[in-house]
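Down below is the structure, laid out as structure tokens.
The values are calculated or read from the model by the stated rules, or taken from the named source; none is laboratory data. Note that the structure is a prediction, hence the values are computed from the model and not measured. Note: ideal-geometry Cβ built from the backbone for every residue, glycine included; neighbour counts use all protein chains shown.
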Amino acid sequence: MRVDKYLWSIRYFKTRSIATNACKKGHVKVNEQVAKASRDVYPTDKIELRKDQINYVIVVNDLPESRVGAKLVDIYRTDITPKEAFEAKDLLKYSKDYYRKKGVGRPTKKDRRDIDGFYETPEEDI
């Protein structure tokens, strides 16, 4: 089975074209070698893929006939991703919040009008 079809069928990617693009960009390695989308995978192969800034490491247990349900995914793969990878993503989330709070950014038109109204000085009657 092709590596892009395998990753799509075990629900790591939403569509096969997204899986194919990930292979083209070099985000997928099979047995520590960068894999093209057409590369065949077999049981006991080790697949490393980068998705959402996490480096997943999975071992192929079996090849599904087609896309499988979420409850059946563990039959076809073993996830050996280190826990540090998920913790690093959590830290990245906190670092983004430090620099910019959610919802705070470029002022809207209403905000700009309020700011302009705040800085205007009332005209005195002469």
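Among the residues making up region 8-28, those that are touching a strand residue (DSSP E or B) at 6+ places or on another chain (Cβ under 7 Å) and under 12 Å from LYS51 (Cα atoms) are TYR12, ALA22, GLY26, HIS27, VAL28. Residues that are loosely packed, with under 14 Cβ neighbours inside 10 Å and under 13 Å from ILE47 (Cα atoms) were ranked within region 9-31; the one that is farthest from the chain's Cα centre (by Cα) is ASN31.
ASP74 falls short of the stated requirement of being assigned to a helix (DSSP H, G or I) and in contact with a Ser or Thr (Cβ under 6 Å, 6 or more places away or on another chain).
Any residue that is closer than 30 Å to ARG2 by Cβ, at pLDDT below 80 and loosely packed, with under 14 Cβ neighbours inside 10 Å - is there at least one of those in region 89-104? Checked against the condition, which is being closer than 30 Å to ARG2 by Cβ, at pLDDT below 80 and loosely packed, with under 14 Cβ neighbours inside 10 Å, region 89-104 yields at least one hit. Residue pairs whose Cβ atoms lie under 8 Å apart, sitting 6 or more positions apart in sequence or on different chains, and linking a residue in region 4-30 that is in a loop (DSSP other than H, G, I, E, B) to a partner that is among the basic types (Lys, Arg), are ILE10/ARG77; ARG11/ARG67; TYR12/LYS51; PHE13/LYS51; HIS27/ARG50; HIS27/LYS51. Candidates in region 32-55 are the residues that are under 18 Å from the mean Cα position of the chain (by Cα) and in a loop (DSSP other than H, G, I, E, B); of these, the one that is surrounded by the most Cβ atoms within 10 Å (Cβ to Cβ) is GLN53.
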